[in-house]
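Okay, structure first, notes after.
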Amino acid sequence: MTSLRIAIIIGSTRPDRVGPTIAEWAFGRAAERRDATYDLIDLAHVGLPLLDEPEPASAQHYQQEHTKRWSRLIESYDGYVFVAPEYNRGMAASLKNAIDFLYAEWNDKAAGIICYGSSGGLRSGEQLKSTLGEVQIATVRAQVSLSIYDDMVDFVQLQPRAYQAGNLDAMLDQLLRWAAAMRALRTGGLIT
């Protein structure tokens, strides 16, 4: 069996965001583990417009080339780590939009969440879990919740408290177990 493939998705697209710094921290720690293949995906570079497909994603009748590229990319992964900022008590519109473009490509996969914001991004994380449940992604319990007051200097320079690395490791451990189980489900490897 090939190694699990996990995408770390940066959910914010705004200029001067801290999402890439957080994703790089998570990616560096994940890559040291050597228990899966990890990639970074920055929604700012994916180039998705506001949802512009004429049919619902569940039909998979994609008309736009950017959707077809996004579909192929997302389909290739077994699981995801979403780096999700909290804006105005919710998740970033760019992240919700990117999820809404697809449906079947997300199904029966697993995800972990790294949320951040003034309240640790917790409200964003909860909204994200609800959305991911609808596209049939199993979210793991452990997550990383970064405070812009306590885990950053001047709201932009990442300086996570010592225990956050343990939170990240716990989330990745759970994510890989679930991603492996979900892969078996997708490929018919589970006994029913």
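For Asp52, indicate whether it is under 23 Å from Gly121 (Cβ atoms) and either assigned to a loop (DSSP other than H, G, I, E, B) or modelled with pLDDT of 95 or more (or both). Criteria not met by Asp52.
Every residue, every condition in (1) over 19 Å from Gly11 (Cα atoms); (2) at pLDDT 95 or above; (3) of a type in the set (Lys, Arg), yes or no:
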{"residue": "Ala98", "(1), (2), (3)": "no, yes, no"}
{"residue": "Leu128", "(1), (2), (3)": "no, yes, no"}
{"residue": "Thr131", "(1), (2), (3)": "no, yes, no"}
{"residue": "Val140", "(1), (2), (3)": "no, yes, no"}
{"residue": "Gln157", "(1), (2), (3)": "no, no, no"}
{"residue": "Asn167", "(1), (2), (3)": "yes, yes, no"}
{"residue": "Leu172", "(1), (2), (3)": "no, yes, no"}
{"residue": "Ala181", "(1), (2), (3)": "yes, yes, no"}
{"residue": "Thr187", "(1), (2), (3)": "yes, no, no"}
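Of all residues being at pLDDT below 95 and in a loop (DSSP other than H, G, I, E, B) in the range 29-42, which is surrounded by the fewest Cβ atoms within 10 Å (Cβ to Cβ)? Just the residue, please. The qualifying residue surrounded by the fewest Cβ atoms within 10 Å (Cβ to Cβ) is Arg34. Residues of the range 9-25 that are surrounded by 15 or more Cβ atoms within 10 Å (Cβ to Cβ) and part of a loop (DSSP other than H, G, I, E, B): Gly11, Ser12, Thr13, Arg17, Val18. Kindly provide the set of residues from the range 93-106 that are in a loop (DSSP other than H, G, I, E, B) and either among the aliphatic types (A, V, I, L, M) or closer than 16 Å to Ser130 by Cβ (or both), ordered by number. If the condition is that a residue be in a loop (DSSP other than H, G, I, E, B) and either among the aliphatic types (A, V, I, L, M) or closer than 16 Å to Ser130 by Cβ (or both), then Leu102, Tyr103, Ala104, Trp106 are the ones that fit.
For the range 63-98, which positions are hydrophobic (A, V, I, L, M, F, W, C), under 20 Å from Asp39 (Cα atoms) and buried (at least 24 other Cβ atoms within 10 Å of the Cβ)? Scanning the range 63-98 gives Val81, Phe82, Val83, Ala84, Leu95. Of all residues in the range 1-58, exactly one satisfies the criterion of being within 18 Å of Ile99 (Cα to Cα), without any contact (Cβ under 8 Å) to a residue 60 or more places away in the chain and among the polar types (S, T, N, Q), namely Ser58. Restricting the range 142-155 to residues that are within 23 Å of Pro15 (Cβ to Cβ) and assigned to a loop (DSSP other than H, G, I, E, B) leaves a set whose member that is modelled with the lowest pLDDT is Phe155.
Could you please give the count of residues in the range 160-174 that are assigned to a loop (DSSP other than H, G, I, E, B) and surrounded by 11 or more Cβ atoms within 10 Å (Cβ to Cβ)? If you could, list the steps in order and put the result at the bottom.
Here is the first cut: in the range 160-174, the ones assigned to a loop (DSSP other than H, G, I, E, B) are 160-162.
Now restrict to residues that are surrounded by 11 or more Cβ atoms within 10 Å (Cβ to Cβ): 160-161.
Count: 2.
Here is a yes/no grid of residues against (1) over 18 Å from Ala93 (Cβ atoms); (2) touching a helix residue (DSSP H, G or I) at 6+ places or on another chain (Cβ under 7 Å); (3) among the small types (Gly, Ala, Ser); (4) in a loop (DSSP other than H, G, I, E, B):
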position	(1), (2), (3), (4)
Phe27	yes, no, no, no
Ala44	no, no, yes, no
Ser58	yes, no, yes, no
Gln63	yes, no, no, yes
His66	no, no, no, no
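The set of residues in the range 107-141 being hydrophobic (A, V, I, L, M, F, W, C) and in contact with a Gly (Cβ under 7 Å, 6 or more places away or on another chain) consists of Ala110, Ala111, Ile113, Cys115, Val140.
The values are calculated or read from the model by the stated rules, or taken from the named source; none is laboratory data. As the structure is a computational prediction, the values presented were derived from the model and not from experiment. FYI the Cβ positions are ideal-geometry reconstructions off the backbone, even for glycines, and counts take in every protein chain you see.
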